[in-house]
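Trainee: Dumping the structure here so I can ask a few things about it.
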Amino acid sequence: MSLFAISDLHLSFKANKPMDVFGGRWENYIETLSNNWNKNVRDEDTVVLCGDNSWATYLEDADLDFEFINSLPGKKILSKGKHDYWWTTQKKMNEFCVDNNFNTISFLQNNYYMYNDIAICGTRGWMPDAKDEKIFNRELERLAISLNAAKISKPREIIVALHYPPENAFRKVLENFGVSHCIYGHLHGNAQKNALSGTINGVKYLLVSCDYLQFNPFKLY
């Protein structure tokens, strides 16, 4: 049983937003992703998806994207990204999955999941911007809620999944809670050259944007 991570699938089976406009590496990426996923991930494994999962605006329009995700091997834990406009309450998303028999998909927000004795926590995160201070502080609070909830299970390690690269305030929270790994996405193309990477103050940072990983889920454990 292994734990994988990947981000920014940007699925658009209904939204018609092809990603190949962002460069040649995105050509036929769905086929590449599917082949890599099926080759490396087994049904008993878990995959954390760090946001920008679907271009759909409304939840009901994400059904084909969810169908694709659900059809892939493993249990999937989805967190929210910048473009996941379909994201709504946990209750509505869980009901949507039940109604459509998407039985391998769960959602990460104000909660946590256990992989053996490792807690998986997280939130979307945010970029520092004065006009978005309220959202920034709310995301910090959601991260703390997720981490505090995980304490109940007394995990041996904590992994945090964010969508945005963690800025100083988020990194401080990670350090204070003794987080071992922080996985994140959002960065594409040239922006990946300056990605936060390696171990800093005890936290190992990993960029898992799918194009950075060459559309192959990254094995954490």
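None of the figures in this text is laboratory data; all of them are computed from the coordinates on show. Everything numeric in this text was worked out from a predicted model, so none of it was measured. Here Cβ is always computed from backbone atoms with ideal geometry, including for glycine, and neighbour counts include all displayed protein chains.
Trainee: Over 24 Å between Cα atoms: which of K17/K75; K91/K154; K82/K134; K82/K172 fall into that group? Numbers along the way, then the final one.
Mentor: Details: K17/K75 26 Å; K91/K154 26 Å; K82/K134 16 Å; K82/K172 22 Å.
Violating the 24 Å Cα-Cα cut-off are K17/K75; K91/K154.
Trainee: Quick check on the exposure proxy: order S180, S197 from fewest to most C-beta atoms within 10 angstrom.
Mentor: Placing the least packed residue first, the sequence is S197, S180.
Trainee: Same structure again: For the chain, what does -39500 (n - 2.57) per DSSP helix run (n ≥ 4), summed and divided by total residues, give at 222 nm, in deg cm²/dmol to the nearest 500?
Mentor: It comes out at -8000 deg cm²/dmol, rounded to the nearest 500.
Trainee: Could you list the trypsin sites (Lys or Arg not before Pro) in the stretch 144-221 that lie in coil according to DSSP, counting only those with at most 12 other Cβ atoms within 10 Å of their Cβ?
Mentor: Those that pass, being in a loop and sparsely packed, are R156.
Trainee: While we're looking at this one, here's another question. Once you have the Cα-Cα distance between N176 and L196, take 0.36 nm times their residue separation minus that, and quote the gain in nm to one decimal.
Mentor: Net length gain for the segment: 5.3 nm.
Trainee: Further question on the same structure: Given Cα positions, please report Rg to Rh for the stretch 3-219, the hydrodynamic radius being the Kirkwood one.
Mentor: 0.94
Trainee: If you take every residue apart from Y85 with its C-beta less than 11 Å away from the C-beta of Y85, what net charge results, scoring Lys and Arg +1 and Asp and Glu -1?
Mentor: With Lys, Arg at +1 and Asp, Glu at -1, the net is -1.
Trainee: On to the next question. Please find, in a Gaussian network model of the chain (springs between Cα atoms separated by less than 10 Å), the residue of G178, G198, G74 whose mean-square fluctuation is greatest.
Mentor: G198
Trainee: Please order R138, R42 by the number of other Cβ within 10 Å, starting at the fewest.
Mentor: R42, R138
Trainee: Can you give me the Cα centroid spacing of the stretch 169-185 and the stretch 37-80 in angstrom?
Mentor: For the stretch 169-185 versus the stretch 37-80, the Cα centre distance is 24 Å.
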